[in-house]
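A.B. asks: One structure coming up, written as C-alpha cells, with questions to follow.
The values are calculated or read from the model by the stated rules, or taken from the named source; none is laboratory data. Remember, it's a predicted structure, so these values are computed and weren't measured experimentally. Neighbour counts are summed over all protein chains in view; Cβ atoms, including those assigned to glycine, are modelled from backbone coordinates with ideal geometry. We work out accessible area using only protein heavy atoms, side chains counted, and drop any ligands, DNA or RNA first. Shrake-Rupley method; radii C 1.70, N 1.55, O 1.52, S 1.80 Å.
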Amino acid sequence: MRDELTRAWVALIALSAASTMLALVVPRGSGSAAVGAAILALAWLKARVILRRYLGLAAVPDIGRGFDLVLALVMLGALGLYLAA
C-alpha cells in the first residue's frame, strides 16, 4: 500500500513538473492552444492518479470507469472553453 502511494506521489510530482516546463518554455501566442491542451491533458492525468490511488478507485474498476467518464467530460468542457477564449 505504501509503495503505491509513493509511486502515485512521484507521478504527481513528475506531471506537475511537466506542466510547469510546458508553461515556461512556450511563449504566449505561439502554439499556445496546443500547449494549453497539453497542460489540460496533464491535469487530467493527475486527477486520474489522485482518484485511483489516493481515493482507492483502482480497487473498484466499474466505479473508476464511471469517474473517468465524468472527468473526461469535464476536461473536454474545459478544453472547449479554453479554445473558445
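A.B. asks: For the chain, with every protein chain kept in place, what is the accessible area per residue (1.4 Å probe, Å²)? Numbers along the way, then the final one.
C.D. replies: On the way: 5880 Å² over 85 residues.
Per-residue accessible area for the chain comes out at 69 Å².
A.B. asks: Moving to a separate point now. Measure off, as a whole percent, the carbon and sulfur share of the 1.4 Å-probe accessible area of the chain, all protein chains present.
C.D. replies: So the carbon and sulfur contribution to the accessible surface is 73 percent.
A.B. asks: Could you give each residue of the stretch 39-56 its phi-based ³J(HN,Hα) in whole Hz, using Karplus coefficients 6.51, -1.76, 1.60 with θ = phi - 60°, and x for Gly or Pro?
C.D. replies: With the stated coefficients, the stretch 39-56 comes to 5, 5, 5, 5, 5, 4, 4, 5, 4, 5, 4, 5, 5, 6, 8, 6, 8, x Hz.
A.B. asks: I've got another one for you. Output the peptides 49-57, 19-27 sorted from most to least packed, where packing is the average of other Cβ atoms within 10 Å over each peptide's residues. Please report the intermediate quantities before stating the final value.
C.D. replies: Values: 49-57: 15.9, 19-27: 12.3.
Ranked by mean Cβ neighbours within 10 Å, highest first: 49-57, 19-27.
A.B. asks: While we're looking at this one, here's another question. Given only helices, namely DSSP H runs of n ≥ 4 each adding -39500 (n - 2.57), what is the per-residue ellipticity at 222 nm of the chain, to the nearest 500 deg cm²/dmol? If you can, show how the numbers build up before the last one.
C.D. replies: Values: 3 runs with 66 residues, N = 85.
Using -39500 (n - 2.57) per qualifying helix, the result is -27000 deg cm²/dmol.
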